[in-house]
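Asks: Before anything else, here's the structure in question.
The values are calculated or read from the model by the stated rules, or taken from the named source; none is laboratory data. From a predicted model like this one, the values you see are computed outputs, not experimental measurements. Glycine gets a Cβ as well: all are built from the backbone with ideal geometry, and neighbour counts include every protein chain shown.
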Amino acid sequence: MYISKYKAIIFDFDETLVASYKVKWAQHQETAKRFYGVHLTEEKIRKYWGMPFEPMISIFYEHKDAAENMMKNYHSLDKLYHKKPYKDAISVLDFLHTKSYWLGLVTSMTKESVIQDMQESEMPYKNFDYIQGSKDSDHHKPDPRVFDYLIRKLERINIKRDETLYVGDDIRDMQAAMGAGLAFVAIPNGLTSKEEFMNNKAICIDTLSDLIVST
């Protein structure tokens, strides 16, 4: 994919830069069982996966505790359930950084959680010029307004919407990005299939390295 026409490359996190849902589903199931006596099914996780983190875990753990305590109990198991970067994620981020692309991250996770995940997996989080978590906006994907803060920041440094590419793994990523006037490319590592993306006329790549071919 030829990306030289873009000045800013924005990423989703889970299933875009790191493989997470299988290991994190198991962590949620263990948290629900160990701390709250809840049998959390994969069907329920799938239904709500991708929501902002705090309301999602409240649903998962059946509102049996304060959000702060649920977060604490979930994160107490982090060392047992590690996310792993995709094999080319670090090299692609380093390459884009050296080529002076403006790099951002917009995720449904909290900013604190995503930075912690990147530190633990030795991802170059300092390469990012902008990191937006679930608490940084009142709007969430697939609502295009989730990108409002990002777009205003880009406008202040003279980067236009059509010079901005968002990379994500979920149909809600596509809906939000395209609704906000951003370019979008799908990497179908998650729950949205390549066929579904293609049926919606989205450009798909198989690996992150495909972003920088011919760059």
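Asks: Search region 133-150 for residues that are among the basic types (Lys, Arg) and pair each with any residue that is assigned to a loop (DSSP other than H, G, I, E, B) and at pLDDT below 95 when their beta-carbon atoms are under 7 Å apart and the residues are at least 6 apart or on different chains.
Replies: 135/110; 141/108
Asks: Also: Would you say residue 32 is part of a helix (DSSP H, G or I) and crowded, with 20+ Cβ neighbours inside 10 Å? So that I can check it myself, show each step before the final result.
Replies: Details: part of a helix (DSSP H, G or I): yes; crowded, with 20+ Cβ neighbours inside 10 Å: yes.
Taking the combined requirement at face value, the residue satisfies it.
Asks: Turning to a different aspect of this structure: Return the pairs, sorted by first residue and then second, in which the second residue is among the charged types (D, E, K, R) and part of a helix (DSSP H, G or I), the first residue lies in region 1-29 and is closer than 16 Å to residue 110 by Cβ, the beta carbons are less than 7 Å apart, and the residues are 6+ apart or on different chains.
Replies: That search, which allows pairs on different chains as well, returns 12/173; 18/117.
Asks: Test residue 4 against the stated conditions and say whether it is modelled with pLDDT under 95 and exposed (fewer than 14 other Cβ atoms within 10 Å of the Cβ).
Replies: yes
Asks: Have a look at 94, 117 and point out the one that is under 15 Å from the mean Cα position of the chain (by Cα), in a helix (DSSP H, G or I) and not aliphatic (A, V, I, L, M).
Replies: Only one candidate passes the filter, namely 117.
Asks: For region 45-55, enumerate the residues that are surrounded by 17 or more Cβ atoms within 10 Å (Cβ to Cβ) and without any contact (Cβ under 8 Å) to a residue 24 or more places away in the chain.
Replies: Scanning region 45-55 gives a single hit, 45.
Asks: Related question: Filter region 190-207 for residues that are modelled with pLDDT of 95 or more, within 21 Å of residue 85 (Cβ to Cβ) and aliphatic (A, V, I, L, M) and give the result.
Replies: Passing the criteria: only 205.
Condition check ((1) in a loop (DSSP other than H, G, I, E, B); (2) within 22 Å of the chain's Cα centre (by Cα); (3) closer than 23 Å to residue 170 by Cβ) across all residues:
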site	(1), (2), (3)
5	yes, no, no
23	no, yes, yes
26	no, yes, yes
40	yes, no, yes
55	no, yes, yes
70	no, yes, no
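Asks: Could you tell me whether region 93-107 includes any residue that is surrounded by fewer than 15 Cβ atoms within 10 Å (Cβ to Cβ), modelled with pLDDT of 95 or more, assigned by TED's automatic domain parsing to the domain that holds residue 181 and charged (D, E, K, R)?
Replies: yes
Asks: Out of (1) within 21 Å of residue 58 (Cα to Cα); (2) at pLDDT below 95; (3) not in a helix (DSSP H, G or I), what's the single condition that is false for residue 112?
Replies: Here residue 112 meets the rest and fails (3).
Asks: Which of the residues that make up region 108-132 are hydroxyl-bearing (Ser, Thr, Tyr) and surrounded by fewer than 18 Cβ atoms within 10 Å (Cβ to Cβ)?
Replies: 110, 121, 125, 130
Asks: Quick one: in region 94-113, of everything that is among the β-branched types (Val, Ile, Thr) and in contact with an Asp or Glu (Cβ under 9 Å, 6 or more places away or on another chain), which residue is nearest to residue 150 (Cα to Cα)?
Replies: Quick first cut of region 94-113, residues among the β-branched types (Val, Ile, Thr) only: 98, 106-107, 110.
Imposing the further condition that a residue be in contact with an Asp or Glu (Cβ under 9 Å, 6 or more places away or on another chain) reduces the set to 106-107, 110.
Numbers: 106: 9, 107: 12, 110: 16 Å.
So, considering only residues that are among the β-branched types (Val, Ile, Thr) and in contact with an Asp or Glu (Cβ under 9 Å, 6 or more places away or on another chain), the one nearest to residue 150 (Cα to Cα) is 106.
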